[in-house]
Amino acid sequence: MSRLPAGVLREATVDVGAIADNVRHLRRLTESEVIAVVKADGYGHGAVRTAAAALEGGATRLGVSDIAEALALRRGGIDAPILAWLHAQGADFALAAAHGIELGISSLEQLQQAAAAASADRPVSVHLKLETGLSRNGIAPADYRVVFAEAARLERIGKLRVIALFSHLSNASADDDRAALRVFDEAVGVAAALGLAPPLRHIAATHAAIALPETRLGCVRIGIGLYGLSPFDDRTSADLGLRPAMTLRGAVAAVRRVPAGTGVSYGYAYRTDRETTLALVPLGYADGVPRQASGAGPVVIGGRRHTVAGRIAMDQFVVDVGDTPVAVGDEAVLFGDPTLGVPSATEWADAAGTINYEIVTRVGPRVPRRQVAE
Ligand SMILES: *Cc1c(COP(=O)(O)O)cnc(C)c1O
């Protein structure tokens, strides 16, 4: 039976080899340049290690949500191009530009602020974000002309370099995504007529990059696929040729033999129906194990599959293992690569009524990440 290192209650291992392989696979599949999306601390996997592994696998650029995340990557020694696209009012574009961070621009005001952050000898690199249907940020279609014309002027006078036009899709349906792509294509035409010919265009995240080839445009922004998880309800990681990178596990912290009728955890939401063995797993909602999965989340101990018994608490939950021999220190795996016989993050998402993105991203700061390369 597998055991965690001595003294370790819980850990998430992150297989950087899987991340690199996933990028290689998606580059081949999409025949496109990959922008590896490592926002939110690399969806909980560690942003710097994910970025390094993705670059090793052939990604050429990185994407994050905000400038602070981009600066953290620079501090971590990452020197690839990084795009950040969600900015506070008054965000420090000059600091970002000084670190070579490319800015996603969603309005005329942001465009002017980016130009103002240019230094005499260096234009600021921007990607113009277009609203094409998602109703989040992005330049509104009514403003395309004005913003494109200003961007072209600022590029001519050396303040800006327009690297890309980009947008983001709803995945509501293939037809909705195609409609957004048509809006985007028209915008590209308008931009060209106004003198903008950026070298890149990107609109597809993992879902569209795999499912809708016409959205690839030679450059795709891959988030969830890097981590080896599927964005589809009806296709597993293995179906997509991806390998989940994160395994979350704990070391059984207590074992007790109890009679029938024993109440388990807060509220006694579970009662034993026979004499049985209870194993205590030291992971709780503080560690990102969703309380909504109480009584439902899957766990493998000693190669056998069990279900959380009763409520998930802040730091721990209980598993009824029946008459299976389990000892303190045994490994309890919540999720990992299901081809290795452990549950998937998607099963936890289903148990909690959410998506696998949230399961890995919310793994808490109390869980040490340990990098492995299988
Ligand atoms: C998060 C995000 C992505 C990555 O999406 P995945 O579905 O994880 O591939 C791409 N683009 C934008 C703008 C995002 O916010």
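Each value in this text was obtained by applying a stated rule to the coordinates, not by laboratory testing. For clarity, every value in this text was computed on a predicted model and none was experimentally measured. As a convention, Cβ positions derive from the backbone with ideal geometry for all residues, glycine included, and neighbour counts pool all protein chains shown.
Based solely on its DSSP helices, what 222 nm [θ] is calculated for the chain when runs of n ≥ 4 H residues each add -39,500 (n - 2.57) and the sum is averaged over all residues, nearest 500 deg cm²/dmol?
-8500 deg cm²/dmol
Which FRET efficiency value, to the nearest 0.05, is calculated for residue 186 and residue 304 with the Förster distance at 56 angstrom and r the Cβ-Cβ distance?
Given R0 = 56 Å and the Cβ-Cβ separation, E is 0.50.
With charges only on Cβ, +1 for K and R and -1 for D and E, what is the dipole size of region 134-191 about its Cα centre, in debye, rounded to 20?
Its charge dipole is roughly 360 debye.
Output ³J(HN,Hα) for region 8-16: one whole-Hz value per residue in order, computed from phi by the Karplus curve 6.51 cos²θ - 1.76 cosθ + 1.60 with θ = phi - 60°, and x for Gly and Pro.
Using θ = phi - 60°, the values come out as 9, 7, 7, 6, 10, 8, 10, 8, 6 Hz.
For 340, 226, what's the fewest-to-most ordering of other Cβ within 10 Å of each Cβ?
340, 226
State the extension gain, in nm to one decimal, for the chain segment bounded by residue 340 and residue 179, taking 0.36 nm per residue of separation less the distance between their alpha-carbons.
Length gained between residue 340 and residue 179: 54.0 nm.
Using 0.36 nm per residue, how much length does the chain from residue 145 to residue 172 gain when fully extended, once their Cα-Cα distance is taken away?
Length gained between residue 145 and residue 172: 7.0 nm.
Just to be sure I understand the model, the point goes 7 Å from the Cα along the line to the Cβ. What's the resulting residue 92 to residue 258 distance in nm?
Using points 7 Å along Cα→Cβ, the separation is 5.2 nm.
Could you give me the ³J(HN,Hα) list for region 224-234, computed from phi with Karplus coefficients 6.51, -1.76, 1.60 and θ = phi - 60°, whole Hz, x at Gly and Pro?
Couplings: 4, x, 4, 8, x, 9, 8, x, 9, 5, 10 Hz.
Give me the percent relative contact order of the chain, please, defined on Cα pairs under 8 angstrom at least 6 residues apart.
19
Can you figure out the FRET efficiency of residue 354 with residue 108, using R₀ = 41 Å and their beta-carbon distance, to the nearest 0.05?
In this case the efficiency is close to 0.65.
Taking a spot 7 Å from the Cα of residue 28 along the direction of its beta carbon, which residues of region 324-357 have an amide N less than 20 Å from it?
Residues 339 qualify, since their backbone N sits under 20 Å from the label point.
Distance between Cα centroids, region 8-28 to region 260-336: provide it in whole Å.
If we compute the Cα centre of each part, the gap is 27 Å.
What is the dipole size for the chain, taken about its Cα centre, with +1 at each Lys and Arg Cβ and -1 at each Asp and Glu Cβ, in debye to the nearest 20?
Dipole of the chain, to the nearest 20 debye: 580 debye.
If I take R0 = 35 Å and measure r between the Cβ atoms of residue 6 and residue 75 in this structure, what FRET efficiency does the formula 1/(1 + (r/R0)^6) give, to the nearest 0.05?
0.60
Name the residue farthest towards the positive end of the dipole of region 250-322 from the options 263, 288, 251, assuming +1 on Cβ of Lys and Arg, -1 on Cβ of Asp and Glu, about the Cα centre.
263
For region 32-227, what is the charge dipole size about the Cα centre, in debye to the nearest 20, if Lys and Arg each add +1 at the Cβ and Asp and Glu each add -1 at the Cβ?
For this selection, approximately 280 debye.
Choose one answer from 302, 104, 42: the residue with the largest mean-square fluctuation in a GNM of the chain with alpha-carbon springs under 10 Å.
Answer for the Gaussian network model of the chain: 302.
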